[in-house]
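Enquirer: Dropping a structure here in structure tokens format, bear with me for questions.
The values are calculated or read from the model by the stated rules, or taken from the named source; none is laboratory data. Fair warning: this is a prediction, and the values are worked out from it, not measured in the lab. A quick note on method: Cβ atoms are made from the backbone with ideal geometry, for glycine too, and the neighbour counts reach across all protein chains shown. Each accessible area value is taken on the protein alone, full model and side chains, heavy atoms only, with ligands, DNA and RNA left out. Shrake-Rupley method; radii C 1.70, N 1.55, O 1.52, S 1.80 Å.
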Amino acid sequence: MTSHSDLLAAKITAALVACVERGELNCEIPATITLERPKNRDHGDYASSIALQVAKSAGRAPREIAELLKRDLEALAEVASVEIAGPGFINITLERASQGEVVRQIREQGENFGRGKSLLGVAINLEFISANPTGPLHLGHTRWAAVGDALGRVLAAAGAKVTREFYINDRGNQMDLFGASVRAAATGQPIPENGYQGAYIADLAKEVVALNPEVLTLSGDEQSIQFRELAYKVQLKSQQEILETFGTKFDVWFSERSLHSSGAVEHGLEKLRSQGHVFEQEGATWLRTTDYGDDKDRVLIKSGGELTYFASDTAYYINKRERGSDICIYMLGADHHGYVHRLKAIAACAGDDPAYNIEILIGQLVKIMEGGEEVKLSKRAGTIITLEDLVEKVGVDAARYTLIRYPVETPMVLDVDVLKKRTNENPVYYVQYAHARIAAVLRNAAELKVAHALADFDPALLVHDRENELLGALAEYPRIVASAAEMREPHRIARYLEELAGVYHGFYADCRVLPLGDEPSTPTHSARANLCAATKQVLGNGLQLLGVGAPERM
RNA sequence: GCGCCUGUAGCUCAGUCGGAUAGAGCACUCGCCUUCUAAGCGAGUUGUCGCAGGUUCGAUUCCUGCCAGGCGCACCA
């Protein structure tokens, strides 16, 4: 079943082709047809500026071209009227009954309504958060925990095979420093220079000792190693637990160490060597990333023989691709944007297409306000806000929703006080309230014996402007999902849901759904109840893509 | 110095491939609950789309330069 926008776009293309074939027009046929829903209701249900676009190549006035297309479009059964406006816009108004058919589609497809095939057959590896297991997840990770998870759901809804992956940076100096810090805290020694300072280190130390008292009997390096390993386990588990309660799930927790122990690093190096981008200089082994837009070449093996973190990155990328991912998406914080060129270069050096096989999304940093003041974050002073803190303050739904509703390139300010409010300032409640409100109406419908099965639905009875507006908004949903997936922008789902909820609230205010008092139930009541059910379905589907709850009662 | 991101209403921010009179919430003023959830609806007010050029039927959107803010430029992890 195709939507009206798809249908109209196809018909416009067909009409253009027909005009060209008849010799009425001589122009290039655009690959995609611009079809938008006008902001102004007077401009019809759909509008196209196609005549303006092809006017130049056709060498004809836009309005003349629009007239040619108008004839073909008017002949369609779904179309009520076609108007030509302004410089050559084509405004299309649909037959009301035809527009109402979307309710049938939604109710038949249920939770599958909105799912598409634009990414069918594409395997996508989505890597996000990837924190060091040396501390709690903080605000920066939290944005990705919400957005990354939502993007995974959106990509899957577009048909992609998605692998969500968390890369555990469990190797290197930072881990040793972490172990030494925990050990120092446990044994009453001062925290080492550049060590980890937060209060959580002391808590970790206590927990490690409580679980493994024998660690205190060890000495020297062995004790350091044991503290590192035991604290690593505890910290990783706690990250996993909080992500679980946050509703963010990973398919793969990938350990950096495992890259080394499995031989993946050597394998990656061989692959890069075979592609001819590896060279030796000053005793070190380098990857010539400057061949592909990086501003300097990068060291893989230091002159001392140690492998760099960058070497792990190359191996990890190659490993992801060999595990079957077509596209590797990296979600990084703005403080890592300097990595974009070198990551792209890794793909190119491995013989891949950096424009297709690898994508890097940069998320700007998140600030937090409380009591009208910015909370300054400092690891050293221990004033970091963790994912757990945020959830405790505002709850999972409000936190997730707010983090997702902004494009990631927008630096955002989370206002904790606003997130606690239950007003329009806090849009998650606005959307959830619409869903709960419909649930209440449908409960009442059942009680009042208003038939609202699909069999009782007559689309021709939905003739009110508010009904029309709501139907139009519902029909948009599949396009929104498809564009959110294509553009990797899950915030579009949230913005759409706010729009849809607003349209529903307006409908609800003007159109009585259920019979009043002793009134008998009419087919119009049934039609409206069906419209409500369809709206509830779409709100629920959208919230599900965001990982936010769709409550039946509030 | 080089690179990336941002600059839209008093505040927080949307704005799809360049489209018609640039939007939403908050704030402010005023209406709407003896019947489906008022966590709602309606009306009013709010703009040098950072600045200056360019591209064209048309620019908040694309290009160039500048201004302002944030971030980054390791044989660190």
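Enquirer: Can you give me the C-alpha center-to-center distance between the stretch A:351-421 and the stretch A:277-329, rounded to a whole angstrom?
Expert: Cα centroid to Cα centroid, the span is 30 Å.
Enquirer: Ignoring ligands, DNA and RNA, what percent of the 1.4 Å accessible area of the stretch A:114-190 is carbon and sulfur?
Expert: Taking all protein chains in place, the stretch A:114-190 shows 50 percent carbon and sulfur surface.
Enquirer: Can you tell me the dipole magnitude for the stretch A:424-546 around its Cα centre, using point charges on the Cβ only (Lys, Arg +1; Asp, Glu -1), in Debye to the nearest 20?
Expert: 300 debye
Enquirer: Could you compute the net charge surrounding A:His491? Neighbours are other residues with a C-beta less than 11 Å from the C-beta of A:His491; K and R count +1, D and E count -1.
Expert: Residues near A:His491 contribute +1 overall.
Enquirer: Just reorder A:Trp286, A:Trp253 by solvent-accessible area, largest first, 1.4 Å probe, all chains present. Present the calculation step by step, with values, prior to reporting the outcome.
Expert: Details: A:Trp286 55, A:Trp253 80 Å².
From most exposed to least exposed: A:Trp253, A:Trp286.
Enquirer: On the first, second and third principal axes, largest extent first, how far apart are the outermost C-alpha atoms of the stretch A:366-420 in Å?
Expert: Over the stretch A:366-420, Cα extents along the principal axes are 31, 25, 20 Å.
Enquirer: Hey, another quick one. Whose amide H sits under 5 Å from the amide H of A:Val375, counting only residues 5 or more places off or on another chain, with H placed in the peptide plane?
Expert: Here the answer is A:Ile368, A:Met369, A:Glu370, since their amide H atoms fall under 5 Å of that of A:Val375.
Enquirer: With the convex hull built on the Cα atoms of the stretch A:431-554, state its orientation-averaged projected area in nm².
Expert: Average of the hull's projected areas for the stretch A:431-554 equals 7.5 nm².
Enquirer: Find how much the distance from A:Lys420 to A:Ala14 grows on full extension, using 0.36 nm per residue of separation minus their present alpha carbon separation; answer in nm with one decimal.
Expert: Numbers: separation 406, 0.36 × 406 = 146.16 nm, distance 5.26 nm.
Length gained between A:Lys420 and A:Ala14: 140.9 nm.
Enquirer: Another one. Can you give the % of DSSP beta bridges in the stretch A:4-94 that are antiparallel, to the nearest 5? Walk me through the intermediate numbers first.
Expert: Working: 10 of 10 bridges.
Restricted to the stretch A:4-94, the bridges split so that about 100 percent are antiparallel.
Enquirer: Do me a favour and compute the ellipsoid semi-axes for the stretch A:11-52 from its Cα gyration tensor, root of five times each eigenvalue, largest one first, whole Å.
Expert: One finds semi-axes of 24, 10, 8 Å for the stretch A:11-52.
Enquirer: A further question follows. Return one whole number: the accessible area per residue of chain A in Å², for a 1.4 Å probe.
Expert: 45 Å²
Enquirer: Per the 1.4 Å probe, what fraction of the accessible area of the stretch A:212-273, in percent, lies on carbon and sulfur atoms?
Expert: Summing carbon and sulfur atoms, their accessible area is 52 percent of the total for the stretch A:212-273.
Enquirer: Given Cβ point charges of +1 (Lys, Arg) and -1 (Asp, Glu) and nothing else, what value in debye, to the nearest 20, does the dipole of the stretch A:390-455 about its Cα centre take?
Expert: The calculation lands at about 280 debye.
Enquirer: May I ask you to rank A:Met487, A:Met175 by accessible area, largest first, using a 1.4 Å probe over the protein chains only?
Expert: Output order, biggest surface exposure first: A:Met487, A:Met175.
Enquirer: Quick one: ranking A:Met412, A:Met369 by accessible area, 1.4 Å probe, largest first, what do you get?
Expert: The ranking, largest first, comes out as A:Met369, A:Met412.
Enquirer: Antiparallel versus total DSSP beta bridges in chain A: what percent is that, nearest 5?
Expert: Approximately 50 percent, going by the DSSP bridge assignments.
Enquirer: Moving to a separate point now. Where does each of A:319-330, A:133-144, A:32-43 land if you order them by average Cβ count within 10 Å, highest first?
Expert: So the order, starting with the most tightly packed, is A:133-144, A:319-330, A:32-43.
Enquirer: As a test question: what accessible area, to the nearest 10 Å², does A:Arg488 have when a 1.4 Å probe is rolled over all protein chains in place?
Expert: Roll a 1.4 Å probe over it and A:Arg488 shows about 40 Å².
Enquirer: Please give the FRET efficiency for A:Ile225 paired with A:Glu266, using the beta carbon to beta carbon distance and R0 = 22 Å, rounded to the nearest 0.05.
Expert: That gives a FRET efficiency of 0.35.
Enquirer: Still on this structure, I have one more. Between A:Val413 and A:Ala31, what is the label-to-label distance in nm when each label sits 7 Å out along the Cα-to-Cβ direction?
Expert: 4.2 nm
Enquirer: A further question on this structure: What do you get when you divide the Cα radius of gyration of chain A by 2.2 N^0.38 Å, with N the number of residues?
Expert: The reported ratio for this selection is 1.18.
Enquirer: Further, regarding this structure: If you stretched the chain out fully between A:Glu74 and A:Asp510, how much longer would it get, using 0.36 nm times the residue separation minus the C-alpha to C-alpha distance?
Expert: Separation in residues times 0.36 nm, less the Cα-Cα distance, equals 153.8 nm.
Enquirer: Once whole DSSP H runs in chain A are found, which of them have Cα atoms spread over 15 Å or more along the helix axis and a mean Kyte-Doolittle score of at least -1.0?
Expert: Values: long enough: A:4-21 (25 Å, 1.12); A:62-74 (18 Å, -0.83); A:96-109 (21 Å, -1.25); A:139-157 (27 Å, 0.54); A:173-187 (21 Å, 0.20); A:199-211 (19 Å, 1.19); A:220-245 (38 Å, -0.85); A:264-275 (16 Å, -0.81); A:309-322 (20 Å, -0.96); A:427-447 (30 Å, 0.17); A:465-487 (32 Å, -0.13); A:491-510 (29 Å, -0.31); A:523-546 (35 Å, 0.11).
What comes out of the filter, once short or polar helices are dropped, is A:4-21, A:62-74, A:139-157, A:173-187, A:199-211, A:220-245, A:264-275, A:309-322, A:427-447, A:465-487, A:491-510, A:523-546.
Enquirer: Can you compute the label reach from A:Ser57? Point 7 Å from Cα along the Cβ direction, backbone N cut-off under 18 Å, restricted to the stretch A:24-40.
Expert: Residues A:24-35 qualify, since their backbone N sits under 18 Å from the label point.
Enquirer: Another one. Would you please name the trypsin sites (Lys or Arg not before Pro) within the stretch A:210-289 that are DSSP coil residues with at most 14 other C-beta atoms within 10 Å of their C-beta?
Expert: Those satisfying the criteria are A:Lys249.
Enquirer: Right, here's the next one. For the cross-link pairs A:Lys367/A:Lys393; A:Lys161/A:Lys237; A:Lys271/A:Lys302, which exceed 22 Å when the distance is taken from alpha carbon to alpha carbon?
Expert: From the list (A:Lys367/A:Lys393; A:Lys161/A:Lys237; A:Lys271/A:Lys302), the Cα-Cα distance tops 22 Å for A:Lys161/A:Lys237.
Enquirer: Continuing with the same structure: How much of the accessible area of the stretch A:4-94, probe 1.4 Å, is carbon plus sulfur, in whole percent?
Expert: Summing carbon and sulfur atoms, their accessible area is 50 percent of the total for the stretch A:4-94.
Enquirer: About the Cα centre, and with charges only on the beta carbon of Lys, Arg (+1) and Asp, Glu (-1), how big is the dipole of chain A? Nearest 20 debye, please.
Expert: Working: 60 positive and 75 negative charges, 67 e Å.
Magnitude of the dipole: close to 320 debye.
Enquirer: Additional query: Charges on Cβ only, +1 for Lys and Arg, -1 for Asp and Glu, centred on the Cα centroid of chain A; of A:Ala482, A:Ala231, A:Val340, which one is farthest towards the dipole's positive end?
Expert: A:Ala482
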